[in-house]
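A short write-up of the structure that comes next.
Quick note: the coordinates plus some simple rules give every number you see, no bench work behind them. Keep in mind that this is a model prediction, so the values were computed, not measured. Neighbour counts run over all protein chains shown; Cβ positions are idealised from the backbone, glycine included.
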Amino acid sequence: MRLSKLSFAAIIVQSFLIVSPALADTYKIFTLDSDQARFVYGMDAAGDVVLSVDADNNGDCGPVVNCYETFIGGVLAFRTNAPPPAFTIDDGTPCSPTAPPGLTVLHAVCNNGREVFSARATGQLFPDLYTGPLSDIFPGEGAGDFLYLNSEGDILWNDPRTEFWFEAFDLTSQAPEPGSLFLVGTGALAAVEAMRRRLRLQQP
């Protein structure tokens with residue numbers, strides 16, 4: 001009886017401490033707006049996007065009133081004459097990823113250990129988007145000259161065929177933080193020790 005209870009408790013501890021392998025990223029895609037005369041002011045870590053419509057080189061609205069469009073959750077939330085004041089841009093930086101054999105990388109951006117790039121094969125008119133050497137995430141979705149990636153893995157790009165801006169929200173579940181795993185593990189160990197003491201006191 002004693003061994004079986006302790007063995008069961010040990011199995012519980014082990015199940016908490018073993019981290020499941022990461023799953024492939026999954027995305028939900030939104031069509032934001034036309035890419036005609038619309039340029040990206042920026043994307044933040046939450047996936048919010050600000051596009052500017054016919055803004056001049058100084059960022060001022062010209063003939064278009066309220067030329068800054070803010071999209072929250074893939075939906076147009078409001079328009080303003082200036083960028084949102086509390087907006088922290090998180091667009092990623094250009095990088096040089098490893099492309100699958102036979103593909104030419106056109107544009108690439110990396111952020112927080114993630115990468116996304118547009119690439120095409122010989123004779124392919126419009127490129128596809130990739131998140132790694134073996135991950136063609138949106139086959140048939142052309143990628144234009146503009147490509148952005150925030151630190152949470154959300155992707156923003158334009159498709160020259162449809163002439164629209166698209167955003168893909170990364171829906172992948174986050175792995176538990178090491179600190180959380182440590183707390184769970186120590187709590188389970190404390191439970192095992194309490195059970196061991198109780199069994200020892202019950203012995204004649």
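Going from the residue with the fewest nearby Cβ atoms within 10 Å to the one with the most, Thr131, Thr93 rank Thr93, Thr131. Here the stretch 27-170 is assigned +1 on the Cβ of each Lys and Arg and -1 on the Cβ of each Asp and Glu. Its dipole about the Cα centre then comes out at about 220 debye.
Legend: Rg and Dmax of the stretch 27-170, from Cα coordinates, 15.2, 48 Å.
Here the simple spin-label model places points 7 Å from the Cα toward Cβ, and for Ala121 and Thr80 these points are separated by 4.6 nm.
Annotation: amide H of Asp154 within the under-5 Å range of Asp170, sequence separation 5 or more or interchain, hydrogens built in the peptide plane.
In order along the stretch 85-98, the Karplus-derived 3J(HN,Hα) couplings, from 6.51 cos²θ - 1.76 cosθ + 1.60 at θ = phi - 60°, round to x, 9, 10, 9, 6, 9, 9, x, 10, x, 8, 10, x, 8 Hz, and Gly and Pro are given as x.
Residue exposure proxy: Arg38, Arg79, ordered by other Cβ atoms within 10 angstrom of their Cβ from fewest to most, comes out as Arg79, Arg38. Panel order for Ser118, Ser151, Ser96, by other beta carbons found within 10 Å of each beta carbon, from fewest to most: Ser96, Ser151, Ser118.
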